[in-house]
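Asker: The structure's right below; bear with me while I get my questions together.
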Protein chains: 2
Amino acid sequence: ETDFWCFCQDEAAERLALSLLTKGGLHYRPRLNFYYLSPHLLDLLPAKNGEEPTIQFLLEVVDILTNYVKKTFDRSTKVLDFHHPHQLLEGMEGFNLELSDQPESLEQILVDCRDTLKYGVRTGHPRFFNQLSSGLDIIGLAGEWLTSTANTNMFTYEIAPVFVLMEQLTLKKMREMIGWPSGEGDGLFSPGGAISNMYSVMIARYKYFPEVKTKGMSAAPRLVLFTSEHSHYSIKKAGAALGFGTENVILLSTDERGRVIPADLEAKIIDAKQKGYVPLFVNATAGSTVYGAFDPINEIADICEKYNLWLHVDGAWGGGLLMSRKHRHKLSGIERANSVTWNPHKMMGVPLQCSAILVREKGILAGCNSMCAGYLFQPDKQYDVTYDTGDKAIQCGRHVDIFKFWLMWKAKGTIGFEQHIDKCLDLSQYLYNKIKNREGYEMVFDGVPQHTNVCFWYIPPSLRGMPHGDERREKLHRVAPKIKAMMMESGTTMVGYQPQGNKVNFFRMVVSNPAATQSDIDFLIDEIERLGHDL
Amino acid sequence: ETDFWCFCQDEAAERLALSLLTKGGLHYRPRLNFYYLSPHLLDLLPAKNGEEPTIQFLLEVVDILTNYVKKTFDRSTKVLDFHHPHQLLEGMEGFNLELSDQPESLEQILVDCRDTLKYGVRTGHPRFFNQLSSGLDIIGLAGEWLTSTANTNMFTYEIAPVFVLMEQLTLKKMREMIGWPSGEGDGLFSPGGAISNMYSVMIARYKYFPEVKTKGMSAAPRLVLFTSEHSHYSIKKAGAALGFGTENVILLSTDERGRVIPADLEAKIIDAKQKGYVPLFVNATAGSTVYGAFDPINEIADICEKYNLWLHVDGAWGGGLLMSRKHRHKLSGIERANSVTWNPHKMMGVPLQCSAILVREKGILAGCNSMCAGYLFQPDKQYDVTYDTGDKAIQCGRHVDIFKFWLMWKAKGTIGFEQHIDKCLDLSQYLYNKIKNREGYEMVFDGVPQHTNVCFWYIPPSLRGMPHGDERREKLHRVAPKIKAMMMESGTTMVGYQPQGNKVNFFRMVVSNPAATQSDIDFLIDEIERLGHDL
């Protein structure tokens, strides 16, 4: 006998289906399951006979989710339906965020699911350009659904055998892409690029001053870290958290494209040494957050070798370009790094979160972090306990971030990621070519962008004739926030803006969603002009 | 017209269904979607007309997952199908973990999904007792599926308006349960208890020595942290990472039940001060990992007040008991803590990961961690930017851990969590009563356990007459690992073991899965005896 799982809108449809199937000649009563609900929470598993209501409930949720997915890719859907915090807190048409002592009905839970999505932001929408992470990869999504169903933890092979091995193989593959011999080395998936960068600082310190682990920072001289003024703030955050102090995070000057000037690094190393400080660590950014700039890794590596410093490459955003034969030259020299941050959840479209810290030297991650907790990492297990990776991490429990990435890699192959990346970079070049000489636009820096970041000012007609000076600067500074606010209110598209150094607010366009097309780029520009024309 | 979504096993079933529906009198061709696949990856969204293959693919994945869920709750299913790392790496019947340049077919992807689950561990199985986190809550699971579909990031209200508000309201509710006046204070969900504990040390340091943020640890005197010898290793890890040094993490003695002896804390504070060190921070554990012990918070708080130290309560495991009117007295005094770690992913059955760091003083989290990155936290947005919580975190991007928890709280109500917790504690008392006087068992400590942890040795008949001494110790030390290995090979159940201090390997039983029943406890005991009888 065959089971049918039928989902239709209402009871009338159920009766229709059932009568058609039986009238049609079906001689047994098929198992039909309909997606309107009657059961209560207590009827779900682990309740006895909880299977059917459980499957019904989950399929109803899936119906909500698949509808959301379909609409997200539909350009007639808004990117968001903006409400202020006080509006959502006051409650929207029966959507009440408050928690109570008493349970809600499953029907209300489904309403809550729908409303949560309704008032959220569609980060997978082809016109959402607001963040480095965007898109909604269907394979990755399926991977996340499986991951949460498996509901396990990365700390031991014992309870995550498959995921632990997938992590090892995938990290090795990433190290091969970096160019470390035979993909040797070590690594971990961590909860985001900031934590990956923090790892790099920790292991650099452990490499040169292992006694800090037991004796604290007072066992080391005054240690200095170097990173570009355009680099991600997580290096500074790591400096604060790990006890270096932000004053010992020296910011390096950049050229007009936001790339570190190697001579400035060398001068600042010499200066620190003259003051009696000990230079420890240099971060080179591969794909800066705002400009998408790639620091010249080879030149920086030369200096690091000369002065015996740890070289970290923060490729959280730009690491993905290693998958592209056309663009990987921008990270030339990365194989000389001691450690690399690389976030597949950014340029490679893997669902959040998925960030790797990769280390060239084997064993140093464990050396730095292990505490050998007996209750978790028993040495007398029946399997090879070198697969218990938990003690390398600063976390104890660690979320399974690998499976969705592994599954996407399986489904796309390396060449699929390459196509994705090449396509996004082509799109951003299309945008650059479109606006570089267009009336009403000024580029923040000259030349074809290195990554998908295109940084520009939109100059409303009222400012176009105005002489450069403070008044124009002040007015221009307010243009991007105003356009962005109107954009969010109308919900049509989203793009980021920020000031940088002495530059007033400008738009930073980025593309990482392969669903975006040239027409979406055109739409963004039309929308900026529509909303900004009369400012 | 009504759409039917039909899922049946094969093409024959499709033809059958279609013919029945049309023979039965249906005059339009219904939209039938069958769960065997033909489309390719490139037919999925964002492909043009990608909707149907996308929904088909996702529903096929859901079919795999719902079958997995059903089987997980079925006691005739094995908890795991154990294989050694080399076996899985060599490839199991077409399950190949290696990644390649070329894409796989969607059919293979589905096979990979099935195999990933097949060779994993069913942490939701009613006989999986191996970890503090267990179970598979259906509402929580639905919440995770929605979270991954929304695929957004907690750092700004801008892209996670609903989730940011849910986090605020839920944290407030948790602070109310702790007993802080009006639920005031601050907090964040973080990637696990170890990171939450690390936050507590960071903010304690910032409170007393804010200049460390800019100047580093050299700006502070030698700072000392105190925690029990039974506490979680993450306090020591935080000491290492943050630059205190593990030697400055002083371990406190405990009574025979694993609870801190307050007089030992005071003596060690005085000793540290006499040496010229500065006591900074005390961690009191509410529910220790192995014994499930609750440190006497009120007595520790008295000492912290006397010496002006930061009091942190690590309630990662025991915090859930705050939801139970019967058991919350075990955390009496927690309202006097400066900060609290509380992991709903442990005792409350929320899917991994879900850990909160809660802080009594408002503003200090942001003071400690903020770096004011202009590109993310623009002050000139159109909404109230105090809702942009990202700069409080040491992470930049932060996974949405709140929704599943919020949804479970909605669905169960506070009283649902209370019932869950009371039930698990009752079960562990059942186990305790069953074995405390049973032949062949010795309890590791006397008396009714405070939490669900029941710690015991199983003494095989061959050791029962043996005099206490080194030989017996050595033999007994090998019993639990041997039984555990056989348990994993047979796949029937899983329970943890470890040594502790001078105690040889013993079993640590814990219950956090509401699917478990007395019969599962009986099964565990039978299984230990079956496997261990002839050792």
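Asker: Among the residues of the stretch A:338-353 satisfying the criterion of being more than 8 Å from the chain's Cα centre (by Cα) and under 14 Å from A:Ala194 (Cβ atoms), which is nearest to the other protein chains (Cβ to nearest Cβ)?
Answerer: Among them, the one singled out is A:Thr341.
Asker: Here's a follow-up. Can you tell me how many residues within the stretch A:136-157 are more than 10 Å from A:Gly390 (Cβ to Cβ) and either facing chain B (nearest Cβ under 7 Å) or modelled with pLDDT under 95 (or both)?
Answerer: Step one: list which residues in the stretch A:136-157 are more than 10 Å from A:Gly390 (Cβ to Cβ), which gives A:136-152.
The next check asks that each one be either facing chain B (nearest Cβ under 7 Å) or modelled with pLDDT under 95 (or both); those that pass are A:136, A:138-139, A:141-142, A:144-146, A:148-152.
So the count comes out to 13.
Asker: So which residues in the stretch B:459-475 are over 17 Å from B:Lys503 (Cα atoms) and of a type in the set (D, E, K, R)?
Answerer: Matches in the stretch B:459-475: B:Arg464 only.
Asker: Name every residue in the stretch A:373-384 that is more than 8 Å from chain B (Cβ to nearest Cβ) and either without any contact (Cβ under 8 Å) to a residue 24 or more places away in the chain or of a type in the set (D, E, K, R) (or both), in order of residue number.
Answerer: A:Pro379
Asker: Answer with yes or no whether B:Leu132 is more than 10 Å from chain A (Cβ to nearest Cβ) and within 30 Å of B:Ser228 (Cα to Cα).
Answerer: no
Asker: Return the residues of the stretch B:377-402 that are buried (at least 23 other Cβ atoms within 10 Å of the Cβ) and among the aliphatic types (A, V, I, L, M); say none if nothing qualifies.
Answerer: Residues satisfying the conditions are B:Ala393, B:Ile394, B:Val400, B:Ile402.
Asker: Can you tell me which residue within the stretch A:229-272, out of those that are hydroxyl-bearing (Ser, Thr, Tyr) and closer than 20 Å to B:Asp391 by Cα, is surrounded by the most Cβ atoms within 10 Å (Cβ to Cβ)? Explain how you work it out, then say what you get.
Answerer: First pass over the stretch A:229-272, keeping only residues hydroxyl-bearing (Ser, Thr, Tyr): A:231, A:233-234, A:246, A:253-254.
Among the residues that remain, those that are also closer than 20 Å to B:Asp391 by Cα are: A:231, A:233-234, A:246.
Numbers: A:Ser231: 25, A:Tyr233: 23, A:Ser234: 29, A:Thr246: 19.
Once the filter is applied, the top-ranked residue is A:Ser234.
Asker: Look at the stretch A:484-495 and say how many of its residues are surrounded by fewer than 23 Cβ atoms within 10 Å (Cβ to Cβ) and of a type outside the set (S, T, N, Q).
Answerer: So the count comes out to 6.
Asker: Out of the residues in the stretch A:180-230 that are closer than 18 Å to A:Pro279 by Cα, polar (S, T, N, Q) and within 25 Å of the chain's Cα centre (by Cα), which is nearest to the other protein chains (Cβ to nearest Cβ)?
Answerer: A:Asn197
Asker: Let me ask you something else. Do we find that A:Gly532 is modelled with pLDDT under 95 and either away from chain B (no Cβ under 11 Å) or in contact with an Asp or Glu (Cβ under 9 Å, 6 or more places away or on another chain) (or both) in this structure?
Answerer: It is false that A:Gly532 is modelled with pLDDT under 95 and either away from chain B (no Cβ under 11 Å) or in contact with an Asp or Glu (Cβ under 9 Å, 6 or more places away or on another chain) (or both).
Asker: Filter the stretch A:78-95 down to the residues that are among the aliphatic types (A, V, I, L, M), surrounded by fewer than 21 Cβ atoms within 10 Å (Cβ to Cβ) and in contact (Cβ under 8 Å) with a residue 24 or more places away in the chain and list them by number. Show your work before the answer.
Answerer: We begin by selecting, within the stretch A:78-95, every residue among the aliphatic types (A, V, I, L, M); these are A:79-80, A:88-89, A:92.
Pick out the ones that are also surrounded by fewer than 21 Cβ atoms within 10 Å (Cβ to Cβ) and you get A:88-89, A:92.
Correct list: A:Leu88, A:Met92.
For every residue, the table says whether it meets (1) crowded, with 24+ Cβ neighbours inside 10 Å; (2) within 30 Å of A:Val448 (Cα to Cα); (3) not β-branched (Val, Ile, Thr).
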{"position": "A:Gln274", "(1), (2), (3)": "no, no, yes"}
{"position": "A:Phe281", "(1), (2), (3)": "yes, no, yes"}
{"position": "A:Gly287", "(1), (2), (3)": "yes, yes, yes"}
{"position": "A:Gly292", "(1), (2), (3)": "yes, yes, yes"}
{"position": "A:Ile297", "(1), (2), (3)": "yes, yes, no"}
{"position": "A:Ile300", "(1), (2), (3)": "yes, yes, no"}
{"position": "A:Tyr307", "(1), (2), (3)": "no, no, yes"}
{"position": "A:His312", "(1), (2), (3)": "yes, yes, yes"}
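Asker: Taking the condition over 29 Å from the mean Cα position of the chain (by Cα) and under 25 Å from B:Tyr157 (Cβ atoms), does A:Leu106 pass?
Answerer: no
Asker: Pick out, from the stretch B:162-266, the helices (runs of 4 or more DSSP H) lying fully within it that include 2 or more residues that are more than 23 Å from B:Thr289 (Cβ to Cβ) and among the charged types (D, E, K, R).
Answerer: Because the criterion is at least 2 residues that are more than 23 Å from B:Thr289 (Cβ to Cβ) and among the charged types (D, E, K, R), the helices (runs of 4 or more DSSP H) in the stretch B:162-266 that meet it are B:193-208, B:212-215.
Asker: Could you give every pair whose Cβ atoms fall below 7 Å, whose first residue belongs to the stretch A:50-77 and is more than 7 Å from chain B (Cβ to nearest Cβ), and whose second residue is small (Gly, Ala, Ser), counting only separations of at least 6 or pairs across chains?
Answerer: Cβ pairs passing all conditions: A:Thr72/A:Gly124.
Asker: Which one of these is within 12 Å of A:Val504 (Cβ to Cβ) and touching a residue at least 40 places away in the same chain (Cβ under 8 Å): A:Val479, A:Val454? Steps first, answer last, please.
Answerer: On the way: A:Val454 fails: within 12 Å of A:Val504 (Cβ to Cβ).
Criteria check complete, one pass: A:Val479.
The values are calculated or read from the model by the stated rules, or taken from the named source; none is laboratory data. Small disclaimer: the values here were computed from a predicted structure and weren't measured. In this analysis, Cβ positions are derived from the backbone assuming ideal geometry, glycine residues included, and neighbour counts consider all displayed protein chains.
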